[in-house]
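The values are calculated or read from the model by the stated rules, or taken from the named source; none is laboratory data. This structure is a prediction, so every number in the text was calculated from the model and none was measured. FYI the Cβ positions are ideal-geometry reconstructions off the backbone, even for glycines, and counts take in every protein chain you see. Ligands, DNA and RNA are excluded from the accessible area calculation, which covers all protein heavy atoms including side chains. Shrake-Rupley method; radii C 1.70, N 1.55, O 1.52, S 1.80 Å.
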Amino acid sequence: MNVFQVFTHKVAAAAKALPLDAVDWNEVNFARVVVEPPNDPAHGDMATNAAMVLAKPLGRKPRDLAAGLCEQLTQDPLIEEANVAGPGFVNLRLKPSFWTDQLVEILKAGERYGADIVPDPRKINVEYVSANPTGPMHVGHCRGAVVGDTLANLLSFVGHDVTKEYYTNDAGVQIDVLARSVILRMKEALGEDIGPIPEGLYPGDYLIPVAKALAEEFGAAFFEKSNDEQLSVARDRAILAMMELIRGDLAVLNVRHDLFFSERSLHQMDGNQSRIDAILADLEKRDLVYVGQLPPPKGQLPEDWEDRPQTLMRTSDFGDDIDRPLKKSDGEYTYFAADVAYFEDKFQRGFDEMCFVLGADHAGYVKRLKAVAAAVSDGKADLTVLLCQLVKLMRDDQPVKMGKRTGEFVTLREVVEEVGVDAVRFMMLYRKSDAPLDFDFAKVTEQSKDNPVFYVQYAHARTHSVFNMAEERTSLTKEDWLNLDSLDLSRLNHDAELEIIRKMAVFPRLLSQAMETKEPHRLAFYLYDLASDFHAIWNLGKENEGLRFIIPQDLAVTKARLALVHGVNYVLRAGLGIMGVSAPLEMR
């Protein structure tokens, strides 16, 4: 339950109960009225802007309206105090029993607290990574992999029907280059001195096993085939090998897609037409495709611009800067044509929303993708594009540029093997995706408050330490402090205890906001804050014996505090689970 939504409804009801003449409440828009945590917890538990939003349509002064709202709201049995602040904010302080009731809700839900909160679940496709199958995953792919995977987990957790998808760019020039690179390595495997790898081909040693396997299978007879046959065989084997390599790299990061979609499938002929042919023919019937000539763009001419009549899509009618070419001068389809067909394929599969997680170098594609979505779906499908900025690898504040295996770039696998999957996944989310990220190998492995992943995991491990100590020092078991009928939660009356319940009660709202904004990094910051509050209340017990979680001579307060700790345990585990980060029982 999102408690802030509950009080938003209460605020609206209080407004409608005000003694105001000649107000048609059906005409009053409450969309901008929000209830949220105050900037300063000292001001109360919640704050609302209702009086300032409603003042103009109701013809009242904001502070006068706020005073009336306070009078109405204090009649609610859950509200202890309501005050006017500033130009017309209303601050609310709730009764402690409300917060202990929220702890009961957390304990009932367990690790599913905050789950399945969307009233109308949607079918959502999240496409991420989608790197060309021409080599291993490098650290540049790592951030998008984690952001996309966590976003998909988040959307699924709150109740949407989510498909994790990888678009395999297995058609086009880069795949022919890959095939020619494998053929050259085959010659080397058969004993030929190939010298330095020519510029323009892929030099990586990861192609050697593919070439050796082909050499063992075909031998020198392979080169008796025509050039087209050689390319076809090498292309197919190389794609299979590279996708196996990519899947393995992603698995090391605990990233597993539900579907790998092949770009080549869009070009394959079924009878006398391909899927791209069929989809573009349908768009032409809808007058979304035409033959025309584009004016030269301002500034430097892009590589794909051609001074001739072309087959174009009317993307400028849907927010793009220009209409986009669908065919090259040689009659081949452009990459954009495949993008259009791919989106149509997703739409036909019934997705209400498509999310793309792309590198920052794809920023120029956002407008055209949004235009494609609007045109193809006739505005029925939503599209979100997340851009991931570069990751700068550091070691003790010094840049790391070269990988041990490639000599050129640091692979995803190298990063995970050095610091662990948990550190990689958490830290890739510890900045908003469109902001640059410094990843310091030394700092993400140190055991301190300055290392967020350690700090959060340590909080989870500490909860289990508390449970273990309770069973060692008292007669209590887990069943005792999770037996809601036997708990006296009114014993939780210290400000720090109530504050940590408030922090946990924010979790559903946090998930809802992260879902709506497609910002999974919010989860990392929230978990750090919750961990910080838990460590703080742990330290209070060191300073004051009466505030310890376990007081053997007072089992009632001990059970209540153990229930509180278990609530923290549940929320930490839920959040870490969405992030794909483990929740260890102990730290070593």
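Of note:
- Efficiency of FRET between V28 and D116 - r from beta-carbon atoms, R0 35 angstrom, step 0.05: 0.65
- Distances between placed amide hydrogens fall under 5 Å for F439 paired with K392, L393, M394, all partners being 5 or more residues away or on another chain.
- Of all accessible heavy-atom area on the chain, the percent that carbon and sulfur account for (1.4 Å): 48
- Size-normalised alpha-carbon gyration radius of region 1-156, reference 2.2 N^0.38 Å: 1.44
- Of the peptides 356-364, 386-394, the order by per-residue mean of other Cβ atoms within 10 Å, starting with the highest, comes out as 386-394, 356-364.
- In this structure, the amide hydrogen of V385, modeled 1.01 Å from its nitrogen in the peptide plane, lies closer than 5 angstrom to those of F356, counting only residues at least 5 positions away or on a different chain.
- Region 382-514, accessible area per residue, ligands and nucleic acids excluded (1.4 Å, Å²): 47
- FRET efficiency, R286 to E516 (Cβ-Cβ, R0 51 Å, nearest 0.05): 0.95
- A simple spin-label model places the labels of N272 and L240 3.4 nm from each other, with each point 7 Å out along Cα-to-Cβ.
- From the Kirkwood radius over Cα pairs of region 461-564, Stokes-Einstein at 37 °C and 0.692 mPa s returns a whole-number translational diffusion coefficient of 220 µm²/s.
- Which of H464, S448, S486, positive extreme of dipole for region 426-492 (C-beta unit charges): S448
- Centre separation in Å (Cα based) which lies between region 229-262 and region 489-561: 45
- Among 548-560, 223-235, sorting by the average number of other beta carbon atoms lying within 10 angstrom of each residue, highest first, gives 548-560, 223-235.
- Simple label model, 7 Å out from Cα along Cβ direction - R395 to E472, nm: 3.9
- Across every pair of non-identical alpha carbons in region 361-520, the mean reciprocal distance, once inverted, gives a Kirkwood radius of 20.5 Å.
- Set of aspartates and glutamates near K392 by C-alpha distance (under 19 Å), chain-local residues within fewer than 8 positions excluded: D361, E408, E414, E417, E418, D422, D434, D438, D440, E446, D450
- P(r) histogram, all alpha-carbon pairs of region 313-426 included - 10 Å bins from 0, percent: 12, 31, 22, 21, 13, 0
- All distinct Cα pairs of the chain go into the 1/r average, and the inverse of that average, the Kirkwood radius, is 27.9 Å.
- Given a 1.4 Å probe and the protein chains as shown, T334 ends up with an accessible area of around 20 Å².
- Candidate lysines - alpha carbon under 16 Å from K16, same-chain residues fewer than 8 apart omitted: K56
- Calculated FRET efficiency, K225 to R308, Cβ-Cβ distance, R0 = 41 Å: about 0.65 to the nearest 0.05.
- Restricting region 311-406 to GluC sites (Glu not before Pro) in coil, as DSSP defines it, with at most 16 other Cβ within 10 Å: E332
- Near D554: Cβ cut-off under 13 Å, other residues only, Lys/Arg at +1 and Asp/Glu at -1. The net charge is +3.
- Put a plus charge on the Cβ of each Lys and Arg, a minus charge on the Cβ of each Asp and Glu, and nothing anywhere else: the dipole of the chain about its Cα centre is then about 940 debye.
- Along each principal axis, Cα extent of region 92-232, largest first, Å: 83, 27, 26
- Peptides 518-526, 253-261, 25-33, ordered by how many other C-beta atoms sit within 10 Å of their residues on average, highest first, read 518-526, 253-261, 25-33.
- Normalised per residue, the accessible area of region 139-197 is 30 Å², obtained with a 1.4 Å probe and no contribution from ligands, DNA or RNA.
- When you filter the trypsin sites (Lys or Arg not before Pro) in region 344-383 for DSSP loop state and at most 13 other Cβ atoms inside 10 Å of their Cβ, you are left with R349, K380.
- Cα→Cβ-extended label distance, 7 Å offset, between H494 and E216, nm: 6.6
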